[in-house]
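Taking it in order: structure first as structure tokens, then the write-up.
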Amino acid sequence: MLENIEYLFPNNAINIQLFDLFSTLFSDIPYATIHANQKIGLISSSLNPKTVFKINNDITNIQFNIGNSKYLNLLNRKKENAKSGDLKETQRLSIIEVKTKLKGHVKRVDHTGINLPSSLYSKQDWDNLLKYFSTVSNLYSYPTGEPWPFLLPSTLTENLNEINNFAILREPRFEIVYDNYTDIVTIQIDIETDLSKSEVESLFPKNQGIYFHSLEDTFKSIYLDYSEHIDIRFDIRFKCSHNSFESGEWFVSGGKRIK
């Protein structure tokens with residue numbers, strides 16, 4: 001069973017700033033463990049997989065751990081003259097600006113994820129990836145049909161059978177997106193805040209961020225000014241009460257487990 005999802009970053013100036021941002025934003029989350037050696041763990045329960053951010057790699061990448069087995073090199077593809085389709089009408093924000101505006105407002109990490117451009121990853125690549133995740137985790141299709149499957153943290157028994165306990169928040173979840181709108185691999189971090197939509201709009205005006213269709217009342221997305229070969233996007237979730245999305249019931253009952 002999948003144990004850890006690890007986001008790996010090179011040890012350089014921009015990533016030292018990035019980890020300072022993570023440490024600041026996640027400091028109020030009870031299940032966030034911030035280590036002195038540039039490692040941050042998001043471990044909300046005994047469920048697997050756990051989510052970890054580390055500085056210990058030569059390139060920005062993501063690693064999936066099952067015991068001593070590691071699945072690597074998922075984020076190492078890039079395209080010359082790549083275009084980010086989501087950024088036509090918005091600006092990238094400095095790490096310092098995002099840190100200043102969101103400090104003290106982040107209450108939990110709903111999910112993290114990766115957007116894989118169809119221009120870089122073939123349909124066969126995508127199918128192979130889903131097959132891999134389906135064998136080591138509880139992977140569910142998105143109930144409304146978009147190519148955004150979600151991996152829900154679970155116990156070994158739930159992995160072998162099915163999830164029936166919806167009394168807990170299964171977080172952080174992990175989302176995989178097959179993206180037709182950009183040529184740049186994107187790491188997404190969905191954070192719940194104590195801010196209303198109007199307060200988020202005040203902090204991040206129209207040209208600072210975007211809304212996705214049908215999700216305008218749930219979160220606003222901002223992009224970091226980040227110098228590596230990927231994009232990093234924060235989805236700023238507005239203050240809300242928890243529901244079947246957070247517990248995973250929406251995926252289990254409305255989607256389909258991918259096997």
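Given the criteria assigned to a strand (DSSP E or B), in contact with a helix residue (DSSP H, G or I) (Cβ under 7 Å, 6 or more places away or on another chain), aliphatic (A, V, I, L, M) and in contact (Cβ under 8 Å) with a residue 12 or more places away in the chain, does Ile40 qualify? Yes.
Within the range 159-208, if we keep just the residues that are in a loop (DSSP other than H, G, I, E, B) and among the basic types (Lys, Arg), the residue that is nearest to the chain's Cα centre (by Cα) turns out to be Arg170. For Leu120, the conditions (1) within 21 Å of the chain's Cα centre (by Cα); (2) under 22 Å from Ile184 (Cα atoms); (3) part of a helix (DSSP H, G or I) all hold with the exception of (3). Among the residues examined, Ser247 does not qualify as among the hydroxyl-bearing types (Ser, Thr, Tyr) and surrounded by fewer than 19 Cβ atoms within 10 Å (Cβ to Cβ). The set of residues in the range 1-31 that are acidic (Asp, Glu), under 23 Å from Ile176 (Cα atoms) and either more than 17 Å from the chain's Cα centre (by Cα) or open to solvent by 20 Å² or more (accessible area, probe 1.4 Å) (or both) contains only Glu3.
Looking at the structure I just gave you, is Ser119 more than 19 Å from Glu246 (Cα to Cα), surrounded by fewer than 22 Cβ atoms within 10 Å (Cβ to Cβ), of a type in the set (Gly, Ala, Ser) and free of Cβ contacts under 8 Å to residues at least 60 places away in the same chain? For Ser119, the condition - more than 19 Å from Glu246 (Cα to Cα), surrounded by fewer than 22 Cβ atoms within 10 Å (Cβ to Cβ), of a type in the set (Gly, Ala, Ser) and free of Cβ contacts under 8 Å to residues at least 60 places away in the same chain - is not met.
Has the range 187-210 got any residue that is surrounded by 14 or more Cβ atoms within 10 Å (Cβ to Cβ) and more than 20 Å from Glu97 (Cβ to Cβ)?
yes
Against the list (1) open to solvent by 30 Å² or more (accessible area, probe 1.4 Å); (2) modelled with pLDDT under 90; (3) touching a helix residue (DSSP H, G or I) at 6+ places or on another chain (Cβ under 9 Å); (4) of a type in the set (Val, Ile, Thr), the condition Ile34 fails is (2).
The values are calculated or read from the model by the stated rules, or taken from the named source; none is laboratory data. What you are looking at is a predicted structure, and each value in this text was computed from that prediction instead of being measured. Glycine also receives a Cβ, built like all others from the backbone with ideal geometry; neighbour counts cover every protein chain displayed. Each accessible area value is taken on the protein alone, full model and side chains, heavy atoms only, with ligands, DNA and RNA left out. Shrake-Rupley method; radii C 1.70, N 1.55, O 1.52, S 1.80 Å.
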